[in-house]
Amino acid sequence: MEIINDSQGMALALEWAAKSMFITTPNPRVGCVIVKNGQVVGAGATQPPGQAHAEVQALQDAARRGADVRGATVYVTLEPCSHYGRTPPCADALIRAGVGRVVAALGDPNPLVGGEGVAKLRAAGIEVLTDVGADAAREMNIGFLSRMQRGRPWVRMKAAASLDGKTALHNGQSQWITSSAARDDGHWWRARACAILTGIGTVQEDDPQLNVRAVETPRQPRRIVIDSRLQIEPSARVLAGGGTWIVAAVPDPDKEAQLRALGAEIIMLPNARGKVDLPALMQELGRRQINELHVEAGFKLNGSLIRERCVDELLLYLAPSVLGDAQGLFDLQAPASLDQKTPLSFHEIKQIGPDLRILARFT
């Protein structure tokens, strides 16, 4: 493939970044392509934490091809790092390789980088251009950017409903309102998240595994259950294999010990009403390096999260059917007037099998 302009080079780098969608957390998903005389001579994507970043992967790929990268143009979807973390600085590796030009989609909001990568490259005489393909790169790392800039994850709430906004019959029956294609697509969104959150009501009613099964992934997201009074049963499938975080508000030493013996961790975050402090939980998850949080919960917890302004985006699957008098999406009081309604903006609408997938963001 011949690269004739910066837009083409960055588009290819973004394709490489997508290859690391499920593996880099808590690091950003980054792709890198090295181009010389219009030809791609090296390409790579960031590997799991502790392994090579995209720039080093691309340089290693070029070396395997026997390519000379001196004077080449490097397209990378995030500013090259300039600090020592688990791996050495990528900016230093590019300087040592003698590349001539670096085109970066985004600056790195990590305070350990924050423009230092670009400054280091320019000080070495390398031409640097930024903000090429920035929107697409931002979407790919929306959770990482949220954590770095706001100290909390990007929260995506997934729900499936009939066309009249109903998620279950009053007897709790909800399987299945949407198609298998929509359910499989939902697992892709689970896989890209750092963690999946639900509430004790969903655990008691549905006993979900809360993992990724419909798509291949080398990494399972962390499972989180909001359970104010530690009502979860030790036999709950969400506890299988250990590693589940249980967020509670009322201590119960005996139950806590029982859950810890199953490999769970208990996080106590009470508010003044004896419930889990949801905004404080979002900050705690940011501290624990959760970039994207995927919520699959019942209408009560859904409503609470929205009321507490803890949700950034709705991932809503709508089936071509109506259920009438049935359970709704969110436990929210109606506003006193229409000008008090909660505004959202449509980000993407796509048909998945017979259903519609809507991404809508809170404004």
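The values are calculated or read from the model by the stated rules, or taken from the named source; none is laboratory data. These numbers come from a predicted model, not from an experiment. Please note: Cβ atoms are built from the backbone with ideal geometry, for glycine as well, and neighbour counts cover all protein chains shown. All accessible areas refer to the heavy atoms of the entire protein, side chains included, with ligands and DNA or RNA removed. Shrake-Rupley method; radii C 1.70, N 1.55, O 1.52, S 1.80 Å.
Restricting to segment 337-357, what's the tally of residues that are under 18 Å from Gly303 (Cα atoms) and either among the hydroxyl-bearing types (Ser, Thr, Tyr) or assigned to a loop (DSSP other than H, G, I, E, B) (or both)?
Result for segment 337-357: 3.
What are the residues in segment 109-124 that are out of contact with any His (no Cβ under 7 Å at 6 or more places or on another chain) and over 15 Å from Val74 (Cβ atoms), if any?
Result: Pro109, Asn110, Pro111, Gly114, Gly115, Glu116, Ala119, Ala123.
Mind checking which residues of segment 325-356 are under 15 Å from Gly165 (Cβ atoms), at pLDDT 95 or above and among the charged types (D, E, K, R)?
Asp355
Six or more apart or on different chains, Cβ under 7 Å: which pairs go from a residue in segment 309-337 that's at negative phi to one that's in a loop (DSSP other than H, G, I, E, B) and of a type in the set (D, E, K, R)? Could you list them?
Taking only residues 6 or more apart or on different chains, the pairs are Val322/Asp164; Leu323/Asp164; Pro335/Lys341.
Say we look at segment 267-285 and pick out the residues that are in a helix (DSSP H, G or I) and out of contact with any Ser or Thr (no Cβ under 8 Å at 6 or more places or on another chain); which of these is nearest to Ile200 (Cα to Cα)?
Leu281
Given the condition buried (at least 22 other Cβ atoms within 10 Å of the Cβ) and out of contact with any strand residue (DSSP E or B) (no Cβ under 9 Å at 6 or more places or on another chain), answer yes or no: does some residue in segment 61-82 qualify?
Within segment 61-82, one or more residues are buried (at least 22 other Cβ atoms within 10 Å of the Cβ) and out of contact with any strand residue (DSSP E or B) (no Cβ under 9 Å at 6 or more places or on another chain).
Does segment 140-165 hold any residues that are under 13 Å from Glu292 (Cα atoms) and open to solvent by 60 Å² or more (accessible area, probe 1.4 Å), and which are they?
Once the filter is applied, which keeps residues that are under 13 Å from Glu292 (Cα atoms) and open to solvent by 60 Å² or more (accessible area, probe 1.4 Å), segment 140-165 yields only Arg150.
Is one or more of the residues making up segment 296-304 over 22 Å from the mean Cα position of the chain (by Cα) and more than 24 Å from Gln209 (Cα to Cα)?
no
Name the one entry in Glu55, Glu15 that is acidic (Asp, Glu), exposed (fewer than 15 other Cβ atoms within 10 Å of the Cβ) and at pLDDT 95 or above.
Glu15 is the lone residue from the list that is acidic (Asp, Glu), exposed (fewer than 15 other Cβ atoms within 10 Å of the Cβ) and at pLDDT 95 or above.
Of everything in segment 210-234, what is open to solvent by 30 Å² or more (accessible area, probe 1.4 Å), within 19 Å of the chain's Cα centre (by Cα) and either over 22 Å from Asp277 (Cα atoms) or at pLDDT below 95 (or both)? Give them in sequence order.
Asn211, Arg213, Ala214, Val215, Glu216, Thr217, Pro218, Arg219, Gln220
If you take the residues of segment 235-249 that are outside any strand (DSSP E or B) and open to solvent by less than 50 Å² (accessible area, probe 1.4 Å), which of them is farthest from Ile196 (Cα to Cα)?
Among those that are outside any strand (DSSP E or B) and open to solvent by less than 50 Å² (accessible area, probe 1.4 Å), it is Ala249.
The conditions are (1) touching a helix residue (DSSP H, G or I) at 6+ places or on another chain (Cβ under 9 Å); (2) open to solvent by less than 30 Å² (accessible area, probe 1.4 Å); (3) in a helix (DSSP H, G or I), and Ile306 fails exactly one of them. Which is it?
Ile306 satisfies every listed condition except (1).
Can you go through Ala297, Ala360, Ala334 and tell me which one is in a loop (DSSP other than H, G, I, E, B) and farther than 21 Å from Arg222 by Cα?
Result of the check over Ala297, Ala360, Ala334: Ala334.
In the list Gln47, Gln8, which residue meets the criterion of being closer than 23 Å to Arg147 by Cα and either in a helix (DSSP H, G or I) or within 21 Å of the chain's Cα centre (by Cα) (or both)?
Gln47
Could you list, in sequence order, the residues of segment 166-188 that are among the small types (Gly, Ala, Ser) and open to solvent by 20 Å² or more (accessible area, probe 1.4 Å)?
Gly172, Ser174, Ser179, Ser180, Ala181 - these are the residues of segment 166-188 that are among the small types (Gly, Ala, Ser) and open to solvent by 20 Å² or more (accessible area, probe 1.4 Å).
Conditions: (1) open to solvent by 30 Å² or more (accessible area, probe 1.4 Å); (2) within 24 Å of Ala168 (Cβ to Cβ). Glu313 meets all but one. Number of the miss?
(1)
Mind listing just one residue for me: the one in segment 34-52 that is of a type outside the set (Gly, Ala, Ser) and under 19 Å from Pro88 (Cα atoms) and, of those, least open to solvent (accessible area, probe 1.4 Å)?
Taking the candidates together, the pick is Thr46.
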